[in-house]
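The values are calculated or read from the model by the stated rules, or taken from the named source; none is laboratory data. This is a predicted model, so every value here is computed, not measured. Ideal geometry is used to build each Cβ from the backbone, glycine not excepted, and the neighbour counts take in all protein chains shown.
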Amino acid sequence: MPFARNLDANACFIQSSARRAICGDRSVRPARIRGLHEKRRRHRMTVPAYPSFTQWHSNGRHAPYLRSLKSAGGILDLLKVQRPAGDMSRPALPDIVLMEDMLGCRRVRGDLGGGRFDVATGKGALAVAAPNFATTVINEESHLLRSLAFPLAHWQDVLDEAADGRFSFETSCIYGRVFVSSTIRSAFRNLWAICEDEGAPSRLLARAAGCEILAELSRLGGAAFRPVSGGLAPWAERRCMELMRARLSEDISLDELAAEARLSPFHFARMFKQSVGVPPRLYLTQLRLEKACELLETTDLPVTEIAQEVGYSSNQVLARVFGKHRRMSPTDYRRAARGPVPSFARQ
């Protein structure tokens, strides 16, 4: 049976290395077949019907299936979608969309921009839909997806610079292939976990996470990003740290920090980690916690004001971050740092 053969092929496909699973051995594919495949894909690329993947899921036919949405100012969008069985096709949208299947589905067929597929998916399986492509997806049963949408306007320059122009949204072989990647799954899940604690991702977090995920997708698609050797120059490291300290209360972006160091966002993120030992976002969290601790110890400011002073939207967000990194609440930290009130002071 064709479907049984597809299931067997998919099982072998998942167990093989991720890059070979996605691209196959392109060196032995006949040039004529490759040419027809590219011609058909270019023909299907159309003008977007909605301004973004998020707008389609918020206002289009799939709006009833949207369960949660977290957006980082158009840099990237995180969506959780509960899809019923049936035809889940959509119009062309100007985003590259990474999807993680949270439950698995015994049969999914369609075309995400890389040719027709008919597969079973397992829990945690990943797939990528091409931008500006009217996708076809038919599910045999309902399933739960977490999606990450990358608007081309914010990411094309980063990809061009980091991959020396060798990555193309038009010709990448990653589209519509079910695959597994521990690197992408880890980055994806960390991003979701942080958003659960802190709300919508900051611009710094969104850009840094996006760079990490797209770097791996590019590698799997056969256009690995240029390696980065060495860390930041001492002057660049110093200026970036000063800028982060001076703007703790603001939603500072990776692009602003990279500009301060005179680097691209992608290279800055990697070189910063090599110099400091942690990514820029985590270092900023450390700075914010240090400042919050200082204010809790030395002032009587309400926790809500302290949260806003160090860049968090509410005292609840500060409490979640505090609990994760200090294993206590801000109020408990203040009480412990100041010690017991002397008896004479209470009289």
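Out of LEU254, LEU295, I need the residue that is farther than 22 Å from LEU126 by Cβ and touching a Cys at 6+ places or on another chain (Cβ under 8 Å). Which one?
Being farther than 22 Å from LEU126 by Cβ and touching a Cys at 6+ places or on another chain (Cβ under 8 Å) holds for just one of LEU254, LEU295, which is LEU254.
Quick check, is GLU260 farther than 30 Å from MET328 by Cβ, of a type in the set (Asp, Glu), over 18 Å from the mean Cα position of the chain (by Cα) and not assigned by TED's automatic domain parsing to the domain that holds ILE174?
Numbers: farther than 30 Å from MET328 by Cβ: yes; of a type in the set (Asp, Glu): yes; over 18 Å from the mean Cα position of the chain (by Cα): yes; not assigned by TED's automatic domain parsing to the domain that holds ILE174: yes.
Taking the combined requirement at face value, the residue satisfies it.
Tally the residues that are surrounded by fewer than 18 Cβ atoms within 10 Å (Cβ to Cβ) and touching a Ser or Thr at 6+ places or on another chain (Cβ under 8 Å), restricting the search to the range 96-108.
1
Quick check, is SER142 more than 18 Å from the chain's Cα centre (by Cα), modelled with pLDDT under 85 and in the same structural domain as ILE75 (by TED's automatic domain parsing)? Outline the logic, then answer.
Values: more than 18 Å from the chain's Cα centre (by Cα): yes; modelled with pLDDT under 85: no; in the same structural domain as ILE75 (by TED's automatic domain parsing): yes.
Criteria not met by SER142.
Scan ARG34, ARG41 and give me the residue that is part of a helix (DSSP H, G or I) and either surrounded by 14 or more Cβ atoms within 10 Å (Cβ to Cβ) or at pLDDT 85 or above (or both).
Going through ARG34, ARG41 in turn, the sole match is ARG41.
For the range 286-304, what are the residues that are part of a helix (DSSP H, G or I), free of Cβ contacts under 8 Å to residues at least 40 places away in the same chain and surrounded by fewer than 16 Cβ atoms within 10 Å (Cβ to Cβ)?
Listed by number, the residues that qualify are GLN286, GLU290, GLU294, THR298, THR304.
Pick from the range 118-129 the residues that are over 16 Å from the mean Cα position of the chain (by Cα) and not in a strand (DSSP E or B): which of them is farthest from ASN190 (Cα to Cα)?
The first filter runs over the range 118-129 and keeps only residues over 16 Å from the mean Cα position of the chain (by Cα), leaving 118-123.
The next check asks that each one be not in a strand (DSSP E or B); those that pass are 122-123.
Details: GLY122: 20, LYS123: 17 Å.
Here the answer is GLY122.
Restricting the search to the range 225-266, which residues are surrounded by fewer than 19 Cβ atoms within 10 Å (Cβ to Cβ), assigned to a loop (DSSP other than H, G, I, E, B) and of a type outside the set (Gly, Ala, Ser)?
Once the filter is applied, which keeps residues that are surrounded by fewer than 19 Cβ atoms within 10 Å (Cβ to Cβ), assigned to a loop (DSSP other than H, G, I, E, B) and of a type outside the set (Gly, Ala, Ser), the range 225-266 yields ARG226, PRO227, VAL228, ARG247, LEU248, GLU250, ASP251, ARG262.
Across the range 172-215, what is the total count of residues that are surrounded by fewer than 21 Cβ atoms within 10 Å (Cβ to Cβ) and at positive phi?
Within the range 172-215, residues that are surrounded by fewer than 21 Cβ atoms within 10 Å (Cβ to Cβ) and at positive phi number 1.
Got at least one residue in the range 277-285 being modelled with pLDDT under 90 and more than 28 Å from LEU69 (Cα to Cα)?
Looking for residues that are modelled with pLDDT under 90 and more than 28 Å from LEU69 (Cα to Cα), one finds at least one in the range 277-285, hence yes.
I want to confirm something. Restricting to the range 267-285 and keeping residues that are small (Gly, Ala, Ser) and assigned to a helix (DSSP H, G or I), which single residue is surrounded by the most Cβ atoms within 10 Å (Cβ to Cβ)?
Step one: filter the range 267-285 for residues small (Gly, Ala, Ser), giving 269, 275, 277.
When the remaining residues are screened for being assigned to a helix (DSSP H, G or I), the result is 269, 275.
Details: ALA269: 25, SER275: 18.
Step by step, filter the range 267-285, then rank; the result is ALA269.
Are any residues in the range 109-147 of a type in the set (Val, Ile, Thr), crowded, with 19+ Cβ neighbours inside 10 Å and out of contact with any Leu (no Cβ under 6 Å at 6 or more places or on another chain), and if so, which ones? Spell out how you get there, then give the answer.
Let us first name the residues in the range 109-147 that are of a type in the set (Val, Ile, Thr), namely 119, 121, 128, 135-138.
The next check asks that each one be crowded, with 19+ Cβ neighbours inside 10 Å; those that pass are 119, 121, 128, 135, 137.
Result: VAL119, THR121, VAL137.
Any chance the range 90-100 includes a residue that's over 29 Å from CYS211 (Cβ atoms) and in contact (Cβ under 8 Å) with a residue 24 or more places away in the chain?
no
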